[in-house]
1. Among the numbered conditions (1) touching a Ser or Thr at 6+ places or on another chain (Cβ under 8 Å); (2) without any contact (Cβ under 8 Å) to a residue 40 or more places away in the chain; (3) part of a helix (DSSP H, G or I), tell me where residue 131 comes up short.
2. Quick one: count up the residues across segment 168-185 that are closer than 21 Å to residue 21 by Cβ and of a type in the set (D, E, K, R).
3. Only one residue in 145, 172 is within 19 Å of residue 14 (Cβ to Cβ) and touching a residue at least 24 places away in the same chain (Cβ under 8 Å). Which one?
4. Kindly indicate whether residue 148 is touching a helix residue (DSSP H, G or I) at 6+ places or on another chain (Cβ under 9 Å), modelled with pLDDT of 95 or more, under 28 Å from residue 23 (Cβ atoms) and aliphatic (A, V, I, L, M).
5. Looking at 114, 154, 101, 205, can you tell me which residue is more than 23 Å from residue 42 (Cα to Cα) and of a type in the set (Ser, Thr, Tyr)?
6. Might you check whether a residue that is part of a loop (DSSP other than H, G, I, E, B) and either modelled with pLDDT of 95 or more or touching a strand residue (DSSP E or B) at 6+ places or on another chain (Cβ under 8 Å) (or both) occurs anywhere in segment 171-185?
Amino acid sequence: MIPECDVTPAIDVDYASLRVLTAYQVVEGFAVVRDYQPLIDVGWDDARECMEAEARWLDRAAKAPTAEEFDQILAGAAQEEAPDDLDWLFRGLDVGVAGLSLVLSAARYATCFSCRTHPSRVGDHMPQVIMAAEPQRVRVLAGHAERAGCGVDSMEGGLVCVYAASVRHLHALAQALLAACAELEELPPPAWLPRVQEYLTGDDSDEFEWTDDEIG
């Protein structure tokens, strides 16, 4: 079984309130999230490889008789895929939403949080990925999300949450976005991208010089 949450997805985005990020915020963090991980180096090949593995694991976990066993199977995926403890495939993210997180990152959405929901944790209500992106990019996401049975909602601070009743819908959305990579590549790049690329190609990221305007 693939667990289903009691939510009704909807598209409800306040495009005028979307947050504009600086490159520094994308690299260092732009939300109060424990263990923020910038996925700025993720490319389409990385996302595709993650998606292929995630599809195999979701098929395997779907045979579990309970939500607890479903969660346990997915929790062991990274260790089985990368027994040396270097989780290069899922990037330490929850299998079930890792694929969408990496696809979004490859498409230049700045993600900051993801969760597939866990039966043992109080307060996890639905599988979700939270991000920041400019209006045109969010509109494209919303169109694909609606067709995949997912919702897109505005959040406090100009962030955006894409969510669904189950991870199978979010995985389907990731597949649709992956198939639309050419369309996504044609979108105007976010303003933070050139400086992030400069940061990535630098010799020493610890010594990278951010401007006062970028730091805020």
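The values are calculated or read from the model by the stated rules, or taken from the named source; none is laboratory data. Remember, predicted model here, so these are calculated numbers, not experimental data. All Cβ positions, glycine included, derive from the backbone under ideal geometry; neighbour counts span all protein chains shown.
1. (3)
2. Step one: of segment 168-185, the residues closer than 21 Å to residue 21 by Cβ are 177, 184-185.
Of the ones still in play, those that are also of a type in the set (D, E, K, R) are 185.
Here the count works out to 1.
3. Just a single option satisfies the conditions, and that option is 145.
4. On the way: touching a helix residue (DSSP H, G or I) at 6+ places or on another chain (Cβ under 9 Å): yes; modelled with pLDDT of 95 or more: yes; under 28 Å from residue 23 (Cβ atoms): no; aliphatic (A, V, I, L, M): yes.
In short, no.
5. 154
6. yes
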